[in-house]
Amino acid sequence: MAKLFSSYYQKLITLNLLLSLVPMIIISSYLYTDKINDETKTLEEKLLFVSKTGANNVALWIEERSNNVNDIAKNELILAETKKLLDDNTNEDELFIARFNLEKQLQTNVATYHWLQELRISDPKTGEGAFSTSIIPPTVNYMKDDHFQQALEKNTAISEIFPSRMILKNEYGEYEKDVPILLISTPITGEVGVEGILTARVNVFALKSVIDKIVNDFATTDSYLINSNGYFISESKFQNELLGQNLIKKRSQLELQVVEPNSNKFTKIFQNAEKDETYVDLSGYKNYRGNDVIGAITPIENTNWHYIVEVDKQEAYLEITKLQITLLTIIAVIVIIIIIISILFAKALVDPITSITKIVQRFGMNESWNAAGELEKFNHGRTDEIANLYQTFKTMTESIKKSTNAIKSAEQKYRALYDDLPDLCRTINKDGIILDCNKAYAKSLGYAKQEIIGKSIFLHTTKDSIRDLRNSFETWRKFGTVSNREVELKRKDGTTFPVLVSATNLYDAADQLIGSNTIIKDISEIHTLLEVDKAKDEFSSMISHELKTPLIPIMGYCEMLREPKFFGKLTEPQLEAINEIYNNTTRLNTLITEVMKAQKLELNRLTFKKEIFEVGEFLEVVSKNYTPLMMSKQITFVNNHSSNDRILIKTDKDRLHEVFTNLIQNAVDFVPEQNGKIEVGAIDNKKTILFYVKDNGIGIPHDKIDKLFTKFYQIDTSFSRKHGGSGLGLVICKGIVTSLGGDIKVESEVGKGTTFSFIIPKGDKNE
């Protein structure tokens, strides 16, 4: 037994074997990991099943409704009466009979299919409603809707769920506008083709019963349908709760969006939704109610809809949590046992080590003391690892001597480097007394080093900077750091200069702050440059005022001269001269304004005011502003972005309008009249919006494109000379776009046209 414990290594190995700690941990970890993986896989399979089943049920429900509507449209009676109804040659009596027969047949269909709310027959040529089972006349025209257009191509198609454009009966039996509706359109075909379009209005509130068919093991399960914009298109099971929280006004359909209540961002699962397959998130996220959940999302076949199923994370991981608690309890008990045994066993190990430590500590206080001899006495008769400590200690003492000499040499090198640094350096204690400084510091202040050392740092600071330096000093003492604090130092001759102060902390052996090494940078040249910028700004403002002030009365007098009631009727040459003065004055005024704006952009002094607005509405305003001009020049003006595409952006609307004004005006100047075409639009790139202005003008040579955003640069063409310009418009456009965090590009081909495109970040809507 004594031989077994002859070394500390063997003692430790024996202890580990007795306790079997390592095997226990390995086995427990393996079993825990295996169980966790099984539980996680089961959880994932449950979510996948519910999500895919729900999505499939919805797809089948849509398919069944579509088939039913298609079967109704194939009825021979409906075909015959529709032809009469839409035939201009049909007399009143025949029309009455046709409507009577259609009413009888279609009302029977509505009664047969409980999900049908209305059947309507429309003219395929005009889209006008010709007959409806509803008591409210069919006034809405579906001609431009996608489902109607597909029906014209002899397909059965469904619409998106959208708010009604006419007053309808809601789920409560009340009449209101904006009731969520779903339409299914199919052609009524005869020998000559499409005779009419049958459109069915489906009860969207019936979707709830389809979703509720799915049963699972979790009490907190929440499942619902959403459209491509993240809006609910099925009724939430938490309808009453959402009403109480004012998250919805009346219903969840088309009112509630899957966004986190706190961040107002789309929920994580919706952001990661895929077009073709189910996405499962087991890591957890905040849902639209602000709850921590896990979930799965599946696309609905042949639609832009998604089916989402979510479960509270706490409930979903309940079994895993129980397993964790059980395992932690077992490990805690084992650890306590190990600690008790270790304390008892450690005493036998620590006692000899403690004796050796005392010898080493005494050597640390007196390097000349014969610690090796004491260790030799202590080591007599020992056979374990401590027997090797004597030789190790001997080697250590020799290394200490070598290290001490190296430190002294390094200190000398540091001293030489410290003194020769070009930056101003000083070393202070925690009371602000200068302990050392380099040559550059002493030279900049005009003192000898011995005149500085031992003095307070406040003696070399101007009165105006003493407060700032004191605040910086207190900040350093409290938090242990100071970086780039500006103060003003005073030389021996009384002159002053600005500096930036940064401090690197010094600590003693007990890790207590004792002082700092301070690096000081002279920023006199930077201050001079700032003064120059200020002078440039003041000069520009003065020039702008002095130039623009006389222009206003000149323009006013020109207006008066053109009016016969003031100075009588002018001759044609006189009027042409006055108009030339007025036009050139106006151009000069515009040029001064653009020069000043370009100057402000260059100095980063142009103000920006960000606000949230809708991109489609913004582009409609831009289009309306330019419609009269385009009509007068017979230029085709196209807005390729619909206001129905609800895209929000947070940026400076006025500056953005200014960019569009410059780009559109450029396009107007360079497209041919009568056959000219200008196109504007916007593309949603998730985090950014791509805006563009496209024309079919004369184009720009490839070698000129890189110079377009240069100040006062104009393409040297007869056309450009004809239309004039300051050469600053595009410079201002680029400056505004860049200041808004975006980028602008140009694509052009001579003789075919030019496209200016620029990217603007959407911005944080919660800013």
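Bear in mind these aren't lab numbers, they're just calculated from the coordinates by the rules spelled out. As the structure is a computational prediction, the values presented were derived from the model and not from experiment. Glycine also receives a Cβ, built like all others from the backbone with ideal geometry; neighbour counts cover every protein chain displayed.
Cross-link list 650/687; 208/250; 704/745; 265/762; 624/686: which exceed 19 angstrom alpha carbon to alpha carbon?
624/686
Please list, ordered by chain and number, the residues whose modelled amide H lies under 5 Å from the amide H of residue 649; skip anything fewer than 5 residues away on the same chain.
Long-range HN contacts for residue 649: 613, 615.
Can you give me the C-alpha center-to-center distance between region 252-304 and region 451-506, rounded to a whole angstrom?
56 Å
Amide H of residue 305: which non-local residues (sequence gap of 5 or more, or other chain) have their own amide H closer than 5 Å, using H built in the peptide plane?
300
Convex hull over the alpha-carbon atoms of region 611-761: what's its volume per residue in Å³?
Hull volume normalised by residue count: 105 Å³.
Which cross-chain or sequence-distant (5 or more) residues have an amide H under 5 Å from the amide H of residue 197, H modelled 1.01 Å from N in plane?
Sorted by chain and number, the residues that satisfy this are 122, 188.
When a footprinting reagent is the concern and you count Cβ atoms within 10 Å, what order do 441, 507 take, fewest first?
The most exposed by this proxy come first: 507, 441.
Along region 70-75, what does the Karplus equation 6.51 cos²θ - 1.76 cosθ + 1.60 (θ = phi - 60°) give for ³J(HN,Hα), rounded to whole Hz, x for Gly and Pro?
Result, ordered by residue: 5, 5, 4, 5, 7, 4 Hz.
Where does each of 306, 702, 460 land when they are ranked from fewest to most other beta-carbon atoms within 10 angstrom?
In order of increasing Cβ crowding within 10 Å: 702, 460, 306.
From the backbone phi of region 650-659, what are the Karplus-calculated ³J(HN,Hα) couplings (6.51 cos²θ - 1.76 cosθ + 1.60, θ = phi - 60°) in whole Hz, Gly and Pro given as x?
10, 7, 7, 5, 5, 5, 5, 5, 5, 4
From zero up to wherever the largest Cα-Cα distance of region 52-165 sits, split into 5 Å bins and tell me the percent of pairs in each.
Binned Cα distances yield the sequence 2, 10, 19, 23, 23, 13, 6, 3, 1, 1, 0.
Please compute P(r) over all alpha-carbon pairs of region 421-522, binned at 10 Å starting from zero, and give each bin as a whole-number percent.
Result, from short to long distances: 16, 53, 27, 3, 0 percent.
Just how far, in whole angstrom, is region 656-704 from region 89-152 if you go by their alpha carbon centroids?
If we compute the Cα centre of each part, the gap is 45 Å.
Which of 65, 467, 99 has the fewest other C-beta atoms within 10 Å, and how do the rest follow up to the most?
Going from sparsest to densest Cβ surroundings: 467, 99, 65.
Taking a quarter of the surface of the convex hull around the Cα atoms of region 190-346, what do you get in nm²?
Mean orientational projected area (region 190-346, Cα hull): 15.6 nm².
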